[in-house]
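Colleague: Got a structure for you, written out below as structure tokens; questions coming shortly.
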Amino acid sequence: MDIDSVCQYFGFQAQTNNDSGTSSRDNLWLYGIATFVVLWTLGWLYRDSLEVDNVKEKYVFVTGCDSGFGNLLCKRLDRRGFRVIAGCLTEKGADDLKRATGPYLKTVLLDVTSTASIQKAMEYTKQEVGENGLWGMVNNAGRSLPMGPSEWMRLEDYTSTLKVNMTGVIEMTLTFLPLIKQAQGRIVNVASVLGRVAANGGGYCISKFAVESFSDCLRRDIHYFGIKVCIIEPGFFKTAVTSLDPIERELHRLWNQLTPEVKASYGDKYLDKYIQIQRLIMNAACDSDLSKVTNCMEHALVSSYPRTRYSAGWDAKFGWIPLSYMPSCVIDIGLKLVMPRPAKSV
């Protein structure tokens, strides 16, 4: 069957003229591609909507539940019927969460920088879940400060963040992995758009790049056991992590620990200008709707076919993520235009 016969079958008039024949063939290809795209999209949406059964028999452990994303996620999962074990850093955070949720939500004090604390939380969880195993582990606990120009940091300023955001995620995952294998469950690691685009100094961006890498390696290593590993990449949201007062206090502390020579190289006005830029960015970019992030976390736990990566927030979807695929010079030029210049810059 030649192309003219195919064109006639689909309602196109066969042409002897070469230009008309080429046009018919082009139209046929366009219709075929459009049909494929529509069918693929409908199939993806249907597959994405499928959910697991018996959530009331599934246990989920969430870290960093005193406030923010973790706190909101625990409340949502509790209402949905999951058996939630919430890791809280403080007794007040644990008490407040228990008062706001049902009897099936349990809390445990957890410091992800302490091996003893992690081990104690695992033993408690092991007793709670029994033969069911642990369906979900959400590594949400994190910190952002100190954050500022790289030269202003000391080694301990980097490691204080890396212990929570990087080492804490790795140790929590490895410690709880036998329970997750038992349930063939999910690991949900909270990274950031700043794990795609390094926009400022300090341990935060470094740690989130590490979470991305660890999650990718882990997913490829353990998929044979039926375990899914998902990465959440939130944009900027109004949480304790992006609160301006702590950010500014840390910037002043970093500035005050600099030597006179380093201060002179930046100039007396640099700190004030840097703080003004931070205020502008946080006030303009931060989204107050935390559910955009917890929706992604929840989908990763309940979907039959969870996604590998979730970009939460419009700034992530249409700003940071596309930017991460651009040449480095584009980001470099953008930051040069936004950030203040030191007094003794070249």
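The values are calculated or read from the model by the stated rules, or taken from the named source; none is laboratory data. Since this is a predicted model, take the numbers as computed values, not measurements. Heads up, the Cβs are rebuilt from the backbone with ideal geometry, glycines too, and the neighbour counts pull from every protein chain shown. Calculation scope for accessible area: heavy atoms of the full protein, side chains included, ligands and nucleic acids excluded. Shrake-Rupley method; radii C 1.70, N 1.55, O 1.52, S 1.80 Å.
Colleague: Looking at (1) open to solvent by less than 50 Å² (accessible area, probe 1.4 Å); (2) in contact with a Gly (Cβ under 7 Å, 6 or more places away or on another chain); (3) not in a helix (DSSP H, G or I), which one does A343 not meet, given that it meets all the others?
Modeller: (1) is the only condition that A343 fails.
Colleague: While we're on this one: Restricting attention to helices (runs of 4 or more DSSP H) lying wholly within the range 30-148, give those where 3 or more residues are closer than 30 Å to I275 by Cβ. Talk me through it step by step, then tell me what you get.
Modeller: Details: elements: 68-80, 91-99, 115-129.
Per the criteria, 68-80.
Colleague: Do you know which residues across the range 213-239 are farther than 29 Å from D289 by Cβ and not in a helix (DSSP H, G or I)?
Modeller: G226, I227, listed by residue number.
Colleague: Taking the condition of being touching a residue at least 60 places away in the same chain (Cβ under 8 Å), outside any helix (DSSP H, G or I) and within 25 Å of S160 (Cα to Cα), how many residues in the range 250-293 meet it?
Modeller: 2
Colleague: Given the structure, is L174 over 24 Å from V330 (Cβ atoms), at pLDDT 95 or above and buried (at least 18 other Cβ atoms within 10 Å of the Cβ)?
Modeller: On the way: over 24 Å from V330 (Cβ atoms): yes; at pLDDT 95 or above: yes; buried (at least 18 other Cβ atoms within 10 Å of the Cβ): no.
No: the conditions fail for L174.
Colleague: With respect to V293, determine if the residue is β-branched (V, I, T), farther than 22 Å from A199 by Cβ and in contact with a strand residue (DSSP E or B) (Cβ under 6 Å, 6 or more places away or on another chain).
Modeller: It is false that V293 is β-branched (V, I, T), farther than 22 Å from A199 by Cβ and in contact with a strand residue (DSSP E or B) (Cβ under 6 Å, 6 or more places away or on another chain).
Colleague: Sticking with this one: List, please: which pairs have Cβ atoms under 7 Å, are six or more places apart or on different chains, and start with a residue in the range 28-52 that is β-branched (V, I, T) and end with one that is open to solvent by less than 50 Å² (accessible area, probe 1.4 Å)?
Modeller: V52/V302; V52/S304
Colleague: From the list I333, I321, I277, which residue is open to solvent by 80 Å² or more (accessible area, probe 1.4 Å) and at negative phi?
Modeller: Only one candidate qualifies: I333.
Colleague: I'd like to verify a number: residues in the range 303-319 that are out of contact with any strand residue (DSSP E or B) (no Cβ under 7 Å at 6 or more places or on another chain) and under 30 Å from V52 (Cβ atoms), how many?
Modeller: Number of matching residues: 2.
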